[in-house]
Amino acid sequence: MMRRRTTLLTGCTALVLALGATACGGSGGPVSAGGGDKALSGQTVTVAGVWSGDELKSFQKVLDAFSAKTGAKTQFVSTGDNVSTVIGSKIEGGNAPDVVMVPQVGVLQQFAKSGWLKPLSKTTQQSVDSNFAPVWKNYGSVGGTLYGLYFKAADKSTVWYSPDALDQAGVKPPTTWADLLKAGHTVSDSGLAAFSIGGEDGWTLTDWFENIYLSQAGPEKYDALAAHKLPWTDASVVKALGTLGTLFKDKQLIAGGQKEALNTDFPGSVEKVFGPKPEAAMVYEGDFVAGVAHDQFGKTIGTDATFFPFPAVDGGTAPVVSGGDAAVVLKAGKNTTAGMKLLEYLATPEAAAVWAKEGGFLSPNKNLDLSSYSDDVTREIAKSLVGGGDSVRFDMSDQAPAAFGGTKGAGEWKILQDFLADPSDPKAAAAQLETAAAKAYKG
């Protein structure tokens, strides 16, 4: 949850070459890539999203590539983190954007159920069927209708580490949870804490739980729990909390112990491993750790900082938990036809390649050539994400109502913070989670 060429062609041939898809017919006619006859010349597509800084600069290059092909101008509007409230206000005020980059499945579902979204065009649907594993179509659909195109993804099943720290301890990257804890003790015996945990940000703790639960309980129960068709008091939840508790209660493994972990935010957790005064050898979080390690602490990814996949738990399959941003088209937008054409472009490998070249990006598009990524580490993460196919599962807390899975100081975030402080009673924590979940899902 963090938490780009122009050809003088017209008609169907132009669109096939411009957008990499068969896009003749559809709403608004074909998008040509010609110099003087660009079909969207004079039109402006307004796009809203949470991105800022380097992310926004990179996405703007994608928008610029779309403009070069179609003649459409683009305008990006920042929503801040509270996408739902901001977009609702813009719709009520008659100033709705055409396209929104939605960062949570729960928000996409809310928008669809509120009647705010246009179903995606047949061209985009065909591209999704061809270029994406079915799981991404499922997460972009509500009631069997495809509303969201997942353009940017995250791999939240990566454990980042200092190669020097593990080498000095004589430790190899583990592949099982038991070996992870064993390696952690070996590292701590060498004088450096094993793990840095950013417990001040509750979403990092939900990610820990989700990886353990997906591997230990399996995809079917994960899906049931995410939809609250399985209660949080289920034995599988209690077991996963107990497994997580073996780490949380071991003061030898956590930099500064539980109290300091609860006072460390996500960037601070990365600093404890890759900053000027390292306090730990490893930090679990998504692929975006690389950006912090490189941009803030000057680490060379693949040399000074690298990762291993989150290990398998109790004989299960190694988990692949993902997050992502889905593009949707609002009915209330002033230029929804051009907005839909933007999504047709975003569904192509070509559009993904623009951002992939810039770095800080993963695409769920399985037909994006891995050579498009700028470094070997990102290529390896992308391979893991795409190779996961339908075993990939979206961040569970992002699928939940915000009151349960996405609110600071409340719901799952707060309960898992309390569990980090005192992990002695997994059953009681599960009961608290169920009480909070039942209230939020009912609401």
Check: Translational D (Stokes-Einstein, µm²/s) of region 296-384 at 37 °C and 0.692 mPa s when Rh comes from the Kirkwood sum over C-alpha pairs?
Finding: 209 µm²/s
Next item on the list: With the cut-off at 16 Å, report for region 140-183 the share of all Cα pairs above it, as a whole percent.
Entry: 61 percent
Note to self: Whole-Hz ³J(HN,Hα) for each residue in region 283-288, computed from phi via Karplus 6.51 cos²θ - 1.76 cosθ + 1.60 with θ = phi - 60°, x for glycine and proline: what do you get?
What the structure shows: 9, 8, 5, x, 4, 5
Item checked: Descending semi-axes in Å of region 130-221, equivalent ellipsoid built from Cα gyration tensor -> 35, 14, 14
Next item on the list: Provide the FRET efficiency to the nearest 0.05 for the SER371-ASN82 pair, computing r from the beta carbons and using R0 = 41 Å.
Entry: 0.60
Next item on the list: May I ask for the equivalent-ellipsoid semi-axes of region 290-443, computed as the square root of five times each C-alpha gyration tensor eigenvalue and listed largest first in whole Å?
Entry: 32, 25, 15
Next item on the list: List the relative contact order of region 275-328 as a percent without decimals, with contacts defined as Cα pairs under 8 Å and 6+ residues apart.
Entry: 20 percent
Checklist line | region 389-443: radius of gyration over Cα atoms, expressed as a fraction of 2.2 N^0.38 Å | finding: 1.21
Notebook entry, point to check: Can you list the HN-Hα couplings for region 332-345, worked out from phi with the Karplus curve (6.51, -1.76, 1.60; θ = phi - 60°), rounded to whole Hz and with x for Gly and Pro?
Noted result: 7, x, 7, 9, 5, 5, 5, x, 5, 5, 4, 5, 4, 6
Notebook entry, point to check: What are the residues whose amide H is under 5 Å from the amide H of SER374, where those residues sit 5 or more places off or on another chain and H is modelled from the backbone?
Noted result: GLY359
Note to self: What Kirkwood Rh does the chain have if only Cα atoms enter the pairwise 1/r average? Answer in Å.
What the structure shows: 22.5 Å
Next item on the list: Could you please report the charge total around ASP179, scoring K, R as +1 and D, E as -1 over all other residues with beta-carbon less than 13 angstrom from its beta-carbon?
Entry: +1
Check: Could you give P(r) for region 348-394, binned at 10 Å from zero, as whole percent values over all Cα-Cα pairs?
Finding: 30, 56, 13
Check: Between THR46 and residues 5 or more places away or on another chain, which pairs have amide H atoms under 5 Å apart, with H built 1.01 Å from N, and which residues are they?
Finding: GLN75, ASP98, VAL99
Next item on the list: Would you please state the base-10 log of I(q)/I(0) at q = 0.15, 0.20 1/Å for region 48-155, with intensities from the Debye formula using one equal scatterer on every alpha carbon?
Entry: -0.72, -1.29
Checklist line | Label-reachable residues, region 398-425, where backbone N falls under 15 Å from a point 7 Å from LYS259's Cα toward its Cβ | finding: 421-422
Note to self: How much length would be gained if the chain were fully extended between ALA224 and ASP167, taking 0.36 nm per residue of separation minus their Cα-Cα distance, in nm to one decimal?
What the structure shows: 16.4 nm
Check: Relative contact order of region 312-413: what whole-number percent is it, with Cα pairs under 8 angstrom and at least 6 residues apart?
Finding: 24 percent
Check: Taking amide H positions as placed 1.01 Å from N in the peptide plane, with prolines and chain starts having none, which residues 5 or more places from ALA305, or on another chain, fall under 5 Å of its amide H?
Finding: THR300
Notebook entry, point to check: What is the dipole size for the chain, taken about its Cα centre, with +1 at each Lys and Arg Cβ and -1 at each Asp and Glu Cβ, in debye to the nearest 20?
Noted result: 1460 debye
Next item on the list: For a quick protection proxy, order the peptides 193-206, 49-62 by their average other-Cβ count within 10 Å, most packed first.
Entry: 193-206, 49-62
Check: Cβ under 14 Å from LYS334's Cβ, LYS334 left aside: what net charge do those residues give with Lys, Arg +1 and Asp, Glu -1?
Finding: +3
Next item on the list: May I ask you to derive the relative contact order of region 254-296, considering only C-alpha pairs under 8 Å and at least 6 residues apart, and to give it as an integer percent?
Entry: 33 percent
Margin query: In whole Hz and in residue order, list the ³J(HN,Hα) couplings for region 394-404 that follow from phi through the Karplus curve 6.51 cos²θ - 1.76 cosθ + 1.60, θ = phi - 60°; x for Gly and Pro.
Written below: 6, 2, 5, 5, 6, 8, 7, x, 4, 4, 9
Next item on the list: Take the cross-link list LYS156/LYS229; LYS221/LYS251; LYS61/LYS122; LYS69/LYS341 and give me the ones stretching past 19 Å between alpha-carbons.
Entry: LYS156/LYS229; LYS221/LYS251; LYS61/LYS122
Check: Can you tell which of SER89, GLN104, GLN126 lies farthest toward the positive end of the dipole of region 63-161, using +1 and -1 charges on the Cβ of basic and acidic side chains (Lys, Arg; Asp, Glu)?
Finding: GLN126
Item checked: Equivalent ellipsoid, region 230-356 (semi-axes from 5 times Cα gyration tensor eigenvalues, Å) -> 36, 24, 15
Next item on the list: Tell me what the chain gives for mean residue ellipticity at 222 nm when only DSSP H runs of n ≥ 4 count, each as -39,500 (n - 2.57), the sum divided by the residue total, rounded to 500 deg cm²/dmol.
Entry: -14000 deg cm²/dmol
Notebook entry, point to check: Given that compact globular proteins tend to follow 2.2 N^0.38 Å, what is the ratio of the alpha-carbon Rg of region 212-305 to that value?
Noted result: 1.34
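No lab work stands behind these numbers, since they all come straight from the coordinates. Values in this document were obtained by computation on a predicted structure and should not be read as measured data. Here the Cβ is made from the backbone with ideal geometry for all residues, glycine too, and neighbour counts use every protein chain on show.
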